[in-house]
Every structure is written in C-alpha cells, then in structure tokens.
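None of the figures in this text is laboratory data; all of them are computed from the coordinates on show. The structure displayed is predicted, hence computed values, not measured ones. Glycine gets a Cβ as well: all are built from the backbone with ideal geometry, and neighbour counts include every protein chain shown.
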Amino acid sequence: MKKPHLSLYSFLWVAFCLALLTGCSAGYRAHLILEETREIMEEAKRYDAGTYAPDALAIAGGNIRSAEEMLKRRRPVQGLEIAREALLKAREALYISLRSKAAAALKEARDALKAVDVNEIGEDNPDVYYNIRKAVKAAEFAYMGERFGESMNYSQDAIFNGDILLGGLRKEVSLRRDAMDARVKTFIVEKRDVTGLDAALKEIDEMVKRGEYRRALRRLEGAEKEYR
C-alpha cells in the first residue's frame, strides 16, 4: 500500500517542480521580450511614431505596464502573454512609422525631380540630374519592396542632389521676394496703391510652392520693373 502513496507523492513533487520551472522560464522570457519591446518602441519614436502610429505606440506602452504588473504579482505566464502582445504592437508602430516616413521622403524626392524638370536645369548638369532620377527610381523600388530604410536613404540622395541644382535659383527667388515685401511696406507708407503688387506676389508665392522657381523669378523681374 505504501508504493502507490510514494508514487503519488513523487508525481506531485515532479509536477510542482515542473510548474515552478515553467513559471521561472515564463518570467525570464517575459523580461527578455519586454526589453526588446522597449528598444523597438524607442526606434519607432525616432521615426515619429507619436505622429504616425500613436494608437499602436500607446497600446504597446500599456501592455508593458500590464505585463510588469503581472510579473510583480508572480503571475509569469500571464505576464509573458501580455508581453508578447506588447511586442506585436511595438513592431506595428515601427512598421507604420517607417512606412510613413519613407512615403514622405519619397514624395519630397519626387517633388525635387519635378522641380528640376520644371525649371529646365537638368541639361546644364547632366551627371547630377542622372543621379537624381536614378535615386528616385531606386527609392520607389525599395519602397514597393517594403525596404523603407533603404528607400529613405535613396530619397535623401535625390533631395540632396536636387538642392544642388535648385539651391542657387531658390535662394535668388527668396532674396528678391523679401525685397519686394520691403517695397510693399514703403508703398504703404507713401500711401500708394499696392493692390496689383499684392496680387502679383500671391501668384509668385504659388509658383514657389509648386517649385516653379524660374517662372517665379521672371514674374518677380516683371513686378520689379512695374512697381519701382
């Protein structure tokens, strides 16, 4: 009669040890997952997750706190489950943020290429122009393949080269536009009619928004002659 009792006690002891080990293992894994989750959240924040993925970021943060509370209460299995949910949400926040930042950079790169074309300055610098077109295509290809970091790098290359070609023209427009603002103030003091000049400056500002710097410069030159 004693052997069955010994077997039962042995079984219960083994079960207890396994449960203890399972709990320790779950707690250890939960801590590792929470550490990884925090790192991913920090990376997501560097890509403006607060703007692009605020809900996923908030849920991940809430899950971290809940998982930590479970671990404090010595409920490691539940803590592990919640930690896994936090990790998924953190990854979601990072994905959304990367995708959104890459899309914004790609739009800026396309706008730079469009501005170079509109202002017809690519032919004067064929090597730089070729690099812009090549970088935009590479950024688009990487974006379609969901290689968002790579896409952003190519987009930045296109933007940088676009600034090389457009920088001088853009600066000239800006300086002459500021000079026209000063002229408007002078006309107002002199009680001269500035209705036509205001309309011309609004047209110029719209051209600048569209990246039509050469056209804006020509319109500025006309306004300067008309309103001396």
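Descriptive notes on the structure:
- Fluctuation leader among Ala102, Ala216, Ala199 - the chain, Gaussian network, Cα springs under 10 angstrom: Ala199
- The chain: relative contact order in percent, alpha carbon pairs under 8 Å with at least 6 residues between: 16
- Candidates Lys107, Lys191, Lys134: whichever shows maximal mean-square fluctuation once the chain is modelled as a Gaussian network with Cα springs under 10 Å: Lys191
- Calculated FRET efficiency for the pair Leu88/Phe160, C-beta based, R₀ 41 Å, to 0.05: 0.70
- Site pair Glu206 and Lys137 shows an inter-label distance of 3.5 nm when each label is modelled 7 Å from Cα along Cα→Cβ.
- Cross-link pairs beyond the 22 Å C-alpha cut-off, checked among Lys134/Lys209; Lys45/Lys101; Lys114/Lys225; Lys107/Lys209; Lys107/Lys137: Lys134/Lys209; Lys114/Lys225
- Net lengthening on full extension, Glu108/Arg228 (0.36 nm per residue, minus Cα-Cα): 39.5 nm
- Whole-Å distance, taken between Cα centres, linking the stretch 63-135 and the stretch 162-212: 36
- Taking Cα centre as origin and charging only the Cβ of basic (Lys, Arg, +1) and acidic (Asp, Glu, -1) residues, the dipole magnitude of the stretch 47-151 rounds to 860 debye.
- Dipole check for the chain: with +1 at the C-beta of Lys and Arg, -1 at the C-beta of Asp and Glu, and the Cα centre as origin, the magnitude is about 1000 Debye.
- Comparing Glu190, Glu140, Glu39 in a Gaussian network model of the chain where C-alpha atoms under 10 Å apart are linked, the largest mean-square fluctuation is found at Glu190.
- The residue among Pro126, Val77, Ala53 whose Cα reaches farthest toward the positive pole of the charge dipole of the chain, with charges on the beta-carbon of Lys, Arg, Asp and Glu, is Val77.
- Look at the alpha carbon pairs under 8 Å that are at least 6 residues apart: their mean separation over the length of the stretch 107-228 gives a relative contact order of 28 percent.
- Gyration tensor verdict on the stretch 81-198 (Cα atoms; rounded if a/c is under 1.5, prolate if a/b is larger than b/c, oblate otherwise): oblate
- The stretch 147-227, dipole about Cα centre (Lys/Arg Cβ +1, Asp/Glu Cβ -1), debye to the nearest 20: 100
- 3J(HN,Hα) along the stretch 189-198, derived from phi through the Karplus expression 6.51 cos²θ - 1.76 cosθ + 1.60 where θ = phi - 60°, amounts to 4, 7, 6, 8, 6, 10, 4, x, 5, 4 Hz, with x in place of Gly and Pro.
- Against the set (1) 65, 22, 10; (2) 31, 20, 18; (3) 46, 20, 13, the structure's computed semi-axes √(5λ) of the Cα gyration tensor in Å falls on (1).
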